[in-house]
Structures are given as structure tokens and as C-alpha cells.
Ligand code: ADP
Ligand code: MG
């Protein structure tokens with residue numbers, strides 16, 4: 001498999017409303033290699049969500065190319081994009097996006113359901129994934145019975161369960177108090193350093209971004225800084 005998980009080449013995204021054209025991303029080029037941990041930051045309106053949608057195969061660019069694992073995705077249709085999203089990208093959201101009334105194990109199993117794994121394989125893989133986030137003792141708890149930090153760990157276990165090429169985290173600490181947020185960041189760093197997970201983390205919080213080994217800053221749809229710490 002390609003050493004490059006992501007390669008954006010001259011990517012622009014223009015939103016057209018009746019009144020105006022908004023260039024939300026303007027000729028953006030950047031690549032992410034396997035094993036990197038990249039924090040993407042910028043003020044409100046800078047284009048973070050637009051970038052997340054493109055990198056997450058939730059939308060396609062107006063112009064430019066996007067390669068995922070070495071394969072073009074900017075030309076894919078809805079079905080092709082959906083397959084990449086389920087099989088190659090693990091999403092972690094600010095609000096966890098778990099189903100509150102099914103067990104942690106079943107939440108983590110969901111991507112395996114869509115991919116057609118047997119019941120036995122689903123249980124085995126979901127348990128292994130919960131163990132990776134140190135929640136092996138909470139498999140039958142429902143998210144509604146868990147703390148915010150535990151919920152986010154279940155969401156991270158779900159993101160890991162397909163062994164994706166990329167973990168894409170959107171403000172993963174945004175709904176957590178500072179102490180628990182720091183624990184979640186530590187877990188993400190550990191998954192990157194010790195288990196080789198490739199992570200792109202989007203945050204408006206500069207202090208969080210600055211902790212990442214590589215920081216990409218965007219303003220008005222352009223990359224204004226791309227630095228290694
Ligand atoms: P951020 O997530 O950094 O706050 P966004 O990517 O949401 O930035 O927005 C970048 C720019 O694109 C902003 O000017 C925003 O108003 C505009 N924008 C975002 N989504 C749409 C849309 N669906 N239609 C029109 N304009 C949009
Ligand atoms: Mg946004």
C-alpha cells in the first residue's frame with residue numbers, strides 16, 4: 001500500500017449561493033504519510049469543515065485532485081465514497097455520534113455489520129478494539145450509562161475497528177472538560193506512537209493543535225503554515 005495516505009493537489013472548493021461564490025478552499029496542496037499525526041487548525045470560517053468533508057470523502061472538490069491510499073477519490077460517486085468512508089476512514093466527532101441505547105460492543109461493531117463480517121468476527125474484533133482504548137470491561141454498557149470520556153473512547157474504538165488507513169477526528173475534545181479532553185488527546189497520541197495510527201485532527205483550538213507533531217494552519221481557505229514540532 002502507498003506510504004501516502006492522503007495527497008491533495010491544488011484542491012479548491014467553491015460554494016455557489018444565489019448571491020455569491022465562496023471559495024472555501026483555494027488551491028490547497030498537502031500530503032499525509034502513513035503514521036503521521038497532523039493537527040489542522042484555523043479560525044471560524046477558515047475552511048476546516050470544508051477540508052474535513054473532502055478528506056473524509058463526504059464531498060468532492062470543485063477542482064484539483066485527491067488521492068486516498070494512492071487512488072483518486074475526487075472522481076468517485078456516492079457509492080464509491082461511502083465504501084472508502086466505511087472501510088478506510090475512522091471518524092471521531094465532537095458529539096461522539098453513538099447510538100445511546102445499544103451496548104458499547106454493538107456500537108463498535110456497526111462498521112463491521114456494513115462490511116458484512118460474521119457475528120463471531122464482529123464480537124471478536126469489537127472486543128479487541130474496546131481493549132485498545134482500555135474499555136474491555138465496559139462492553140455491555142450503553143453510551144447513555146457512560147461518562148463523556150468513556151463515550152469518546154467507545155467512538156475511538158469504533159473508528160479503529162475496521163483498521164482504517166486514517167483516523168479523522170473533528171474537535172474530539174470539544175464536548176469534554178479539560179482534564180478528560182487531555183486524557184483523550186493522550187490516548188490519540190498513544191494510538192499514533194505505539195500502534196501506528198495515522199491521525200488528522202481538526203480543531204479551532206490552537207493550544208490543542210500545537211501539541212500535535214505536525215500543525216497545518218488555514219486562513220481564508222489557504223494553508224498559511226505547515227510545521228513539524
Ligand atoms: P470552518 O469550519 O473553519 O469554520 P467552513 O469550512 O465551515 O469553515 O467554511 C468556510 C467558508 O465557506 C465560510 O465562509 C463559510 O461561510 C462557507 N461555507 C461553508 N459551507 C457552505 C455552504 N454549504 N454553502 C455556502 N457557503 C459555505
Ligand atoms: Mg467548521
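The values are calculated or read from the model by the stated rules, or taken from the named source; none is laboratory data. Keep in mind that this is a model prediction, so the values were computed, not measured. Here the Cβ positions follow ideal geometry from the backbone for every residue, glycine too, while neighbour counts run over all protein chains shown.
Among the residues making up segment 70-90, none is free of Cβ contacts under 8 Å to residues at least 12 places away in the same chain and on the phi > 0 side of the Ramachandran plot.
How many of the residues making up segment 190-210 are closer than 19 Å to residue 93 by Cβ and either within 15 Å of ligand 2 (Cβ to nearest atom) or in a helix (DSSP H, G or I) (or both)? First the steps, then the outcome.
Restricting attention to segment 190-210, the residues satisfying the condition of being closer than 19 Å to residue 93 by Cβ are 191-192, 197-205, 208-209.
In the following step, the residues that additionally are either within 15 Å of ligand 2 (Cβ to nearest atom) or in a helix (DSSP H, G or I) (or both) were identified as 191-192, 200-205, 208-209.
Total meeting the criteria: 10.
Of all positions in segment 215-228, none carries a residue that is at pLDDT 95 or above, in contact with a helix residue (DSSP H, G or I) (Cβ under 7 Å, 6 or more places away or on another chain) and more than 23 Å from residue 4 (Cα to Cα). In segment 1-69, counting only strands (runs of 3 or more DSSP E) that sit wholly within it, the ones holding 2 or more residues that are surrounded by 19 or more Cβ atoms within 10 Å (Cβ to Cβ), within 16 Å of ligand 2 (Cβ to nearest atom) and at negative phi span 21-33, 37-41. Note on segment 91-105: residues that are touching a helix residue (DSSP H, G or I) at 6+ places or on another chain (Cβ under 7 Å), part of a loop (DSSP other than H, G, I, E, B) and either buried (at least 20 other Cβ atoms within 10 Å of the Cβ) or in contact (Cβ under 8 Å) with a residue 60 or more places away in the chain (or both) total 2. Scanning segment 174-203 for residues that are closer than 23 Å to residue 5 by Cα and within 16 Å of ligand 1 (Cβ to nearest atom) yields 200, 201, 202, 203. Of all the numbered requirements in (1) within 15 Å of residue 164 (Cα to Cα); (2) more than 16 Å from ligand 2 (Cβ to nearest atom); (3) in contact with a strand residue (DSSP E or B) (Cβ under 9 Å, 6 or more places away or on another chain), residue 86 misses one, and that requirement is (3). Determine whether residue 154 is within 16 Å of ligand 2 (Cβ to nearest atom), buried (at least 19 other Cβ atoms within 10 Å of the Cβ) and at pLDDT 95 or above. Spelling it out, it is not the case that residue 154 is within 16 Å of ligand 2 (Cβ to nearest atom), buried (at least 19 other Cβ atoms within 10 Å of the Cβ) and at pLDDT 95 or above. Looking at 115, 126, just one residue is at pLDDT below 95 and surrounded by 13 or more Cβ atoms within 10 Å (Cβ to Cβ), and that residue is 115.
Apart from one condition, residue 187 fits all of (1) touching a helix residue (DSSP H, G or I) at 6+ places or on another chain (Cβ under 8 Å); (2) part of a helix (DSSP H, G or I); (3) buried (at least 21 other Cβ atoms within 10 Å of the Cβ); the exception is (3). Residue 30 meets the conditions (1) over 16 Å from the mean Cα position of the chain (by Cα); (2) in contact (Cβ under 8 Å) with a residue 12 or more places away in the chain; (3) away from ligand 1 (no atom under 16 Å from the Cβ) in every case but one. The failed one is (3).
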